[in-house]
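So the structure is just underneath, and the comments pick up after that.
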Amino acid sequence: MVHLGGEHCESGMAATTYEIRFEGVPAGDMLTTYEGVNLTVDDDGITLCARLPDQAALHGVLASAQLLGLDVVEVHVLKVEC
C-alpha cells in the first residue's frame, strides 16, 4: 500500500513527514545521511520516519533503501506542512 503526498501550497510543494516500513536487514548505515530521520528496528523490520522537502527526496530515500537490500512494505503520509 502506498500513499504519497505532494499537496501544493501557495509557496510550491509542501514538506511532508513520511512513515516508511521496510523488510530486510540493512547492509551498512541505514539512511543516516538524511537529516531528521528517525529509525526503529523491530522483529517485523525497519520503520523510518522522516520530514522530506518534496517527492524527489522521497524517491531518493526509497532508492537508497533498495541499494541497501531492503524491500518497501508501506509508505504513509503522516503530516503535510506548508
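Below, the figures for the structure above:
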item	result
All strands (runs of 3 or more DSSP E) inside the chain with 2 or more residues being in contact with a His (Cβ under 6 Å, 6 or more places away or on another chain) and modelled with pLDDT of 75 or more	71-81
Any pair with Cβ under 7 angstrom, 6 or more apart, that starts in segment 49-64 at a residue that is touching a residue at least 60 places away in the same chain (Cβ under 8 Å) and ends at one that is surrounded by fewer than 17 Cβ atoms within 10 Å (Cβ to Cβ)	none
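The values are calculated or read from the model by the stated rules, or taken from the named source; none is laboratory data. Nothing here was measured: the structure is a model prediction, and the numbers come from that model. In this analysis, Cβ positions are derived from the backbone assuming ideal geometry, glycine residues included, and neighbour counts consider all displayed protein chains.
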